[in-house]
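Note sheet for the following structure.
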Amino acid sequence: MGDLDRLPAVRRDGSEPFRAGGADIGAILLDFWQWSVSDLVSNATRGRLAEYIVAKGIGVSTAGVRDEWAACDLCTSAGVQVEVKSAAYLQSWHQKDYSTIQFSVRKAREWSSETNVVGTEPVRTAHVYVFALLFHKSKATLDPLNLDQWQFFVLPTRTLDERERSQSSITLASLEGLVQAIPFAGLRHAVEAASLVARGAT
């Protein structure tokens, strides 16, 4: 590997110590994880959590390390590329009302972390989109780890490409007009079915 090639990510277990001057400073990587990502309702963390939940639901291995720069969020063993978008009614901050549910579906120019080359045309690289909604509406009992508080909307990407309305975002009402919400247990079947449509098999 050259000095400036892509740096491979190494899976860590949290026990790795911080060091200064060759000596441990009394802190380990797990301390950083607990400090930085314990707020699962935070928009940034919730998005990654949604990817993990969907990966578990559709059987994508999480044994490695999440690829921050991949062209799509998940890829199944059958080669189905999946983009995951998340939203929630409740946020970490004080709210006057529930958040309006809307998901970004904007096309983007594909970037390769291997070559650092950006594509020329904005595209949607995934075959399937999974919209993950943390729909629970009580802050007193909100628990993002309780998958019964989530629902999912699964669409083949070509359905988004063919929409006559906004190509940059989609509202909950529009989603509900296109597909029914499903629970966690239905994810694998829904993604498999949507991938067939996306690939022109049905």
Roughly what % of DSSP beta bridges within the chain run antiparallel, to the nearest 5?
75
Nitroxide proxy distance, nm - points 7 Å out along Cα→Cβ at Glu164 and Ile182
2.8
Give the carbon-plus-sulfur fraction of the accessible surface of the chain in %, rounded to a whole number; probe 1.4 Å, heavy atoms of protein chains only.
52
Extension gain (nm, one decimal) between Asp143 and Ala27, 0.36 nm per residue minus Cα-Cα:
39.0 nm
Among Ala185, Ala50, Ala27, whose mean-square fluctuation peaks in a Gaussian network model of the chain (Cα, cutoff 10 Å)?
Ala27
Taking θ as phi - 60°, what are the ³J(HN,Hα) couplings along the stretch 81-94 by the Karplus curve (6.51, -1.76, 1.60), each to the nearest whole Hz, with x for Gly and Pro?
8, 10, 9, 10, 10, 10, 7, 8, 6, 10, 10, 5, 7, 5
For the chain, dividing by residue count, accessible area per residue (probe 1.4 Å) in Å² works out to 62
Run down the lysines and flag those whose C-alpha is under 27 Å from the C-alpha of Lys56, throwing out any fewer than 8 positions away in its chain.
Lys85, Lys107, Lys137, Lys139
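The values are calculated or read from the model by the stated rules, or taken from the named source; none is laboratory data. None of these values were measured; they are calculated from a predicted model. In this analysis, Cβ positions are derived from the backbone assuming ideal geometry, glycine residues included, and neighbour counts consider all displayed protein chains. Note: areas computed on protein heavy atoms with side chains; ligands, DNA, RNA excluded. Shrake-Rupley method; radii C 1.70, N 1.55, O 1.52, S 1.80 Å.
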